[in-house]
Amino acid sequence: MGILSPTPIQTQAIPLLMEKETDLVAQAQTGTGKTAAFGLPLLAKIDPSVPRIQGLVIAPTRELAKQIGKQLFRFTKYSARMFVEVLAGGDKIDRQVEALQRPTHIIVVTPGRLIDLLKRKALTLDHVRHLVLDEADEMLSMGFRKELQEILRLLTQRRTTWLFSATIPEGIAQLIREHMSAQAPHVKIDRRQIVNRKIEHQCLIATRDEKIERIDEFLHQHPTDRGLVFCRTREIANKVSQQLRERGHAVDVIHGDLMQTERDKVMRGFKKERIRVLITTDVSARGIDVPDLSFVIHHQLPDQLDFYTHRSGRTARAGKTGLSLALIDPRERNKIREMEQTLSIQFRERR
């Protein structure tokens, strides 16, 4: 697939998971190569001759579930014939029930949809031996604690639980204590190890009223480049989208308040390059995986440093280079210095 060297999380997790049956707690942010870190060992442990659900991957959002499913499908092209089914809210449940009549080895699912399918008796977890919880902290913050507890209680036959989480708040620590082995190895990836060195980081001083003009200028200076503009709230995302559209740019907006059908339509347009720039919030950005994006613009800096890494990682994918441009108020210079120190990156001020 063109992957020549493993990321730090892959280097640490894959040998552990391949060598023995073990639980694993891995603290790693989005964009660290987690899908291969759990996906490759998971595929290696599945018995293709048994047409039962043996592996279960739970993800917080539909977008992330689909992205994981897509990666696993790519990996299975080079392995024995295995079938992966993605089951998420927002898709028609009747079609998913029908799809589950086919032989299925791994399901990638959101917590709410799994509970719905179990209530319909559309699937059984009796043969699941390997459970992966991806972005576990995000699942708790989205209110899925009850569903996760119920699912974990049902998986009495599982041999391994692999938990991946950017942070380990008390809710996750409690889940680990109650449902995982006390001997489970813990792996933590330092933030500084995960920043893609092919991304150039720039900052541009702009007041709130100047930001649209600065984005407009940037887009005119790079007329063939495509990318993302991140905003903190859906209200600002809608406003930025409208103002850029009025200036003649092919843009659209995506955020958590849109209906799933609308989000799918916008993403199709973006992937097919009918939309040049996508305006988005952090909530809906998880799972956006579009190749050949040249830039990411931060209309506002995120509240959390981890989100900066996640946002920036949407560009410079598959060995390419990219630009991450932060529009900052003069008072935010200290935040830029903090990010430089914590993430071991260097910002160049754009004039």
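Being within 23 Å of LYS34 (Cα to Cα), among the polar types (S, T, N, Q), at pLDDT 85 or above and surrounded by 15 or more Cβ atoms within 10 Å (Cβ to Cβ) is the filter here, so list the residues in segment 295-341 that pass it.
SER312, THR315, SER324
With respect to ARG311, is the statement that it is charged (D, E, K, R), under 21 Å from ASN238 (Cβ atoms) and outside any helix (DSSP H, G or I) true?
Criteria not met by ARG311.
Just one of (1) more than 21 Å from GLN67 (Cβ to Cβ); (2) over 23 Å from the mean Cα position of the chain (by Cα); (3) charged (D, E, K, R) trips up LYS146, so point out which.
All conditions are met except number (2).
Over 20 Å from the mean Cα position of the chain (by Cα) and crowded, with 22+ Cβ neighbours inside 10 Å: which single residue out of ILE151, ILE107, ILE68 fits that description?
On the way: ILE107 fails: over 20 Å from the mean Cα position of the chain (by Cα); ILE68 fails: over 20 Å from the mean Cα position of the chain (by Cα).
Testing whether each residue is over 20 Å from the mean Cα position of the chain (by Cα) and crowded, with 22+ Cβ neighbours inside 10 Å leaves just ILE151.
Where residues in segment 1-58 are over 17 Å from the mean Cα position of the chain (by Cα) and among the polar types (S, T, N, Q), which of them is modelled with the lowest pLDDT?
The qualifying residue modelled with the lowest pLDDT is SER5.
The values are calculated or read from the model by the stated rules, or taken from the named source; none is laboratory data. Every value quoted in this text rests on a predicted model; they were computed, and no experiment measured them. When we count neighbours, we look across all protein chains shown, and the Cβ atoms used for this are built from the backbone with ideal geometry, even at glycine.
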